[in-house]
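*Asks:* Below is one structure. I have some questions about it.
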Amino acid sequence: MTNQGNNRLSDSILYPFANAGHLARNPPVVIESGEGVYLTDSTGKRYIDGQAGLWNVNVGHGRPEVKEAIKAQLDRISYYTIFGGTTNMPSVELAELLCRLTEPEGMVRAFFSSGGSEAVEAAFKLVRQYWRLRGEATRTKIISLKRGYHGVTLGALSANGITPNREYFEPLLPGFVQVETPHLYGNPYTDDHEELGRICADMLEREIQYQGPNTVAAFIAEPVQGAGGVIVPPPNYWPRVREICDRYDILLIADEVVTGFGRLGTMMGSRHWGVKPDIMTFAKGINSGYVPLGATMMNAKVAEVFLTSDTAQFSPKAFAHGNTYAGHPLACAAALASLKIVEDEKLSENAGRVGAYFLQRLKDVQSRNKIIADVRGQGLMIGVELANPETGQPFDISLGVGSRISDHCREKGVIIRNLADIFIISPPFILETGHVDEMVETFEEAVVSSA
Ligand SMILES: Cc1ncc(COP(=O)(O)O)c(C=O)c1O
């Protein structure tokens, strides 16, 4: 049965990751417009968007340059396929731009899709076909991290390390295993960040040996884990992972869906760690969410297996994958305009600078409020975790402490997302320190009133 209640906002949509009963009692806020870091709802109330949509509206809402680019493309043609011998210039120009932006990482080709999960699916299929074409068909397994988030389609989900996302859909695909994530807060191994990096990298190596290196196709991880709770690995972790992948000839996939294009304060998340992956996945910030888009980039080592002098239209070397909306001209036009803003306005530098200020201000809040157990982050990717000060353990989930704080902030005009008792702060890169002050003061007030 549908439309049982009388709330238009919640009676027809089955909302993602949301309890329908809760939404029926707490109808979703209708966001009607946005400008810069601000949103306005249908009652005219204004908010600072502390989550940049869903960590994606990096250049801010309503940017005229992006809207103009989309309109101009719409006036030419809204869609045509890049399958079967046709293409469009926005997708060609965007692929060239992506290659230039990822030149330090050695990327040479872009494969387009419609979002982050699809970019990850493409990466997994790319590595499987890569090993087949290289004559090593046994290399099919994907290793990833516990608490990693790579999307919701069954392949991407199989690499996820977040139990509540996985459990209803088990059994997931065979050949996917997760290893320990190097998360300092609450880990049972050590208080030393570097040592933790060594321990967790060693665990990865032992898992590869256990699985049999010639069965492992790739290792995938986020440069900073996002939806798993903003987990910043130790500086030695990614370089060690790169060394281990090289030792066993395993492809390294950096899932840059959140970290790509500046969120950590460097144009690429991998660059922050000084590591060159073999494959990088992008979505979200690629065009600040104006039109859905995903991209999977590959370096020369991967690409060359698919490049052939064979001129037949159909060849076993063709990558056997593609979505209808691959290279969508509106999405690519939006990406060209949005990435120009990121470069022209040096927004990744701003994310680094304002993010450092934000982190420090939240650490000050932590020093005054015992229920804040951990504040962590890099650039404009920040996590704040609560714990019961009496036990040092997470609060009972039924107490809803995190939701109360988040609701209080929203009431006061600041949107800060909570995943249970972890707050995820991921604002647009155009954020200024004045916005930070307002957000932090509102957040502290909410913490004090909810404690
Ligand atoms: C690191 C990472 N990879 C993949 C995805 C999936 O992207 P999408 O929701 O666009 O499918 C996400 C989404 O949050 C993500 O954070």
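*Asks:* Regarding the stretch 67-344, what whole-number volume in Å³ per residue does the convex hull of its Cα atoms give? Could you put the intermediate results ahead of the total?
*Replies:* Values: hull volume 36.1 nm³, N = 278.
Expressed per residue, the convex hull around the Cα atoms of the stretch 67-344 is 130 Å³.
*Asks:* Based on other C-beta atoms within 10 Å, arrange H22, H150, H272, H328 from fewest to most. If you can, show how the numbers build up before the last one.
*Replies:* Details: H22 11, H150 32, H272 22, H328 27.
By the 10 Å Cβ count, ascending, the order reads H22, H272, H328, H150.
*Asks:* What does the stretch 88-223 give for Rg and for Dmax, in Å, if only its C-alpha atoms count?
*Replies:* Answer for the stretch 88-223, Rg first and Dmax second: 16.9, 53 Å.
*Asks:* Using per-residue counts of other Cβ atoms within 10 Å, averaged over each peptide, order 99-107, 75-83 from highest down. Walk me through the intermediate numbers first.
*Replies:* Numbers: 99-107: 17.3, 75-83: 12.3.
By packing density, highest mean first, the sequence is 99-107, 75-83.
*Asks:* Per q in 0.14 Å⁻¹, report the Debye log10 I(q)/I(0) for the stretch 70-137, using one uniform scatterer on each alpha carbon and no solvent.
*Replies:* Cα-only, vacuum Debye calculation for the stretch 70-137: -0.60.
*Asks:* Rounded to whole Hz and in sequence order, give me ³J(HN,Hα) for the stretch 326-342 from the Karplus expression 6.51 cos²θ - 1.76 cosθ + 1.60, θ = phi - 60°, writing x for Gly and Pro.
*Replies:* 4, x, 3, x, 5, 5, 6, 4, 5, 5, 4, 6, 5, 5, 5, 4, 4
*Asks:* What share of the DSSP beta bridges in the stretch 67-344 is antiparallel, in percent to the nearest 5? Before the final figure, lay out the partial values.
*Replies:* Details: 11 of 25 bridges.
That works out to approximately 45 percent antiparallel.
*Asks:* Taking a quarter of the surface of the convex hull around the Cα atoms of the stretch 336-392, what do you get in nm²? Let's see the in-between values first.
*Replies:* Details: hull surface 17.5 nm².
So the Cα hull casts an average projection of 4.4 nm².
Any read-out appearing in this document is the output of simple, stated calculations on the displayed coordinates, not a laboratory observation. All values derive from a computational prediction rather than experimental measurement. Because the Cβ atoms are built from the backbone with ideal geometry, glycine has one as well, and the counts that use them run over all protein chains shown.
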